[in-house]
Amino acid sequence: MSDCRLSNGKINGSEGGKTPFLIGVAGGTASGKSTVCKRIMEKLGQAEIDNRQRQVVCISQDSFYRELTPSEIAKAEKGQFNFDHPDAFNEKLIKDALMDILAGKIVQIPIYDYKNHALKKDEILTIYPADVVLFEGILVFYFPEVRKLFHMKLFVDTDSDTRLARRVPRDIKERGRDLDQVLNQYMNFVKPAFEEFCFPTKKFADVIIPRGADNHVAIDLIVHHIKDILHGKPKKDNEFWGNLPLH
Ligand SMILES: Nc1ncnc2c1ncn2[C@@H]1O[C@H](COP(=O)(O)OP(=O)(O)O)[C@@H](O)[C@H]1O
Ligand SMILES: O=c1ccn([C@@H]2O[C@H](COP(=O)(O)O)[C@@H](O)[C@H]2O)c(=O)[nH]1
C-alpha cells in the first residue's frame, strides 16, 4: 500500500481494491440520517463486524468541516458561527476522499469533535475497501462535483418540529451545549441554511425517506437493493427505484 498524507492529516493508501457502491444520505439536522444508516447496517448484519471485514461502511460529512481560525472558534463557542453554510465544509477534501474510496483505496477519515468544533487529534477512522459506502450529512448533495459521485441518493425527510425537538436534547446531552445556545444557533443559522442550502437538494434524491428510521418499509426496500448489489446483481442507477418518494 502506498500512502500519501493530505492536508487534514488523512492518509490515503492505494489498495487496488473493489469499487464500492456509493450512497449519499442527505437531510436536515437531526432528521435521522445517522440512525437510518445504522439501521441499514444492522439489517445487513454489518454493525458488529470488525472494521476491516465490513462490506458496508458509513462516513459522516461532519468529518470534513474545515479548520476554524481562533476568532471563528470564539464565535462558535457562543453559537454564532454558521456550521450549516456550505463554506463551513472542505469541499475538496470530501471529493478527494470519495474519489479515493471509489478507486478502492484505504482511506483514513478524521472524526469530528462537536464539543471543541474541531477534528479529533487522536482518533481516526480507517475505511477499508468495501462493497457499499454510505456518506451522510446535511449538504452531501450540495456540491455538484461531490453529488455526481453517488450511485444512489437518499434524502431523509423528517418535519422540522420533530427535528428541532430531537436536536435540542441531543445537542445538550451529547454536544455540550446549553438551551439558549441551541435555540439561538437554530434560529439564526440552522433553520435559514436548511431552507437555502439543504432542502433544495431534496430534488436530487433518487429515494425520499419520510419519517427517517421510523419508515421500516423504505429501509427494508433499500436494504433489499443493497443485498442485490452485494450478491453481484447489476447496479445500474435508478434500475429499481425510479425517482419515487417512499411514502
Ligand atoms: N425515528 C426516531 N425516533 C426517535 N428518535 C430518533 C429517531 N431517529 C433519530 N432519533 C434521535 O434523534 C437524534 C438525531 O438523530 P440522528 O440519526 O443522529 O440524526 P442526523 O444524523 O440526521 O443528525 C438522535 O438523538 C437520535 O437518537
Ligand atoms: O461544531 C459544530 C459542528 C456542527 N454543528 C451542527 O451539526 C449539524 C450537522 O450534524 P447533524 O448530525 O446532521 O445534525 C449542523 O446543523 C450544525 O449546525 C454544530 O452545532 N457545531
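Remarks
- Value of relative contact order over the range 2-230, rounded to a whole percent, pairs C-alpha under 8 Å and six or more apart: 34 percent
- Using the Cβ-Cβ distance between residue 168 and residue 74 with R0 set to 22 Å, the FRET efficiency works out to roughly 0.40.
- The range 138-221: C-alpha gyration tensor shape, a/c 1.5 cut-off, then a/b vs b/c: oblate
- Divide the volume of the convex hull around the Cα atoms of the range 58-134 by the residue count and you get 91 Å³ per residue.
- Shape class of the chain from the Cα gyration tensor (axes a ≥ b ≥ c, square roots of the eigenvalues): oblate, since a/c reaches 1.5 or more and a/b does not exceed b/c.
- Listed residue (226, 25, 172) projecting farthest to the positive dipole end of the chain, Cβ model: 226
- The local environment of residue 193, defined by Cβ-Cβ distances under 12 Å, has a net charge of -3 under the rule Lys, Arg +1 and Asp, Glu -1.
- Modelled this way, with points 7 Å down the Cα-to-C-beta line, the labels at residue 178 and residue 221 are 4.6 nm from one another.
- If both residues of a DSSP beta bridge must be in the chain, then about 40% of such bridges are antiparallel.
- Helix-only CD estimate at 222 nm, as mean residue ellipticity for the chain, using -39500 (n - 2.57) per DSSP H run (n ≥ 4): -8500 deg cm²/dmol
- Which listed pairs, of 18/92; 33/120; 43/115; 105/153, have C-alpha distances above 27 Å, in listed order: 43/115
- Note that the range 83-99 has calculated 3J(HN,Hα) couplings of 7, 9, 8, x, 5, 6, 9, 9, 4, 5, 5, 4, 4, 4, 5, 5, 5 Hz, one per residue in order, obtained from phi through the Karplus relation 6.51 cos²θ - 1.76 cosθ + 1.60 (θ = phi - 60°); glycine and proline are x.
- If only the Cβ of Lys and Arg carry +1 and only the Cβ of Asp and Glu carry -1, the dipole of the chain around its Cα centre is close to 240 debye.
- Sorting 35-41, 23-29 by average packing, meaning the other beta carbons within 10 Å per residue, from highest down gives 23-29, 35-41.
- Between residue 127 and 107, 108, 109, the built amide H atoms are under 5 Å apart, and every one of these is 5 or more places off in sequence or on another chain.
Values quoted throughout were computed directly from the atomic coordinates according to the rules given, and no laboratory measurement underlies them. Here the structure is a predicted model, which means the values were calculated and not measured. We place every Cβ from the backbone using ideal geometry, glycine too, and count neighbours over all the protein chains shown.
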